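These notes concern the structure reproduced below.
Taken together, the values in this text are just the output of simple stated rules run on the coordinates, not laboratory data. The structure presented is a predicted model; accordingly, all values stated were derived computationally and were not measured. Cβ atoms come from the backbone with ideal geometry, glycine included; neighbour counts cover every protein chain shown.
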Amino acid sequence: MMTTSVSSSLLYGSAAMKDRKPSAELDSQAFMQLLVAQLQNQDPLNSMDQNQFMQQLATMNSMQQQLELNSQLKSLVQSDQLSRALGLIGRTVSGTDGDRTLQGQVTGVTVSGGAVQLKLGDQVLPFAGLTTVT
């Protein structure tokens, strides 16, 4: 099996790619760039096995579907939390926010940074920190 080195300019040639921070995950754009670089640098007399190529495309498709499913699940969880939080308006709750313990009547609900929060007068309690409802 022949290996070919791929220069970073092929993988990170665009300005958008240069500004990206490294991550542990390989997103679909990076996967496609890697696949294109692999195709551009393959030996023309010994091209990539078609089965291997199809397997890589199937892997990319599966990865995209998993990312979409993950996004939809996050949205569903947030919607569920928002619905449950709205049902707490007027009720007395207690919970923790870091090292603080908060208690009070829920006067409203907000979403900040994707996290549902309960307004307790002038204080904010993350929905995830909720411990007691009375």
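What are the residues in segment 30-56 that are among the hydrophobic types (A, V, I, L, M, F, W, C), surrounded by fewer than 14 Cβ atoms within 10 Å (Cβ to Cβ) and part of a helix (DSSP H, G or I), if any?
Across segment 30-56, the qualifying residues are M32, V36, L39, M54.
Give the residues of segment 97-134 that are farther than 10 Å from A85 by Cα and β-branched (V, I, T), sorted by residue number.
T101, T107, V111, V124, T131, T132, V133, T134
Is segment 47-60 home to any residue that is under 18 Å from the mean Cα position of the chain (by Cα) and either of a type outside the set (D, E, K, R) or at positive phi (or both)?
yes
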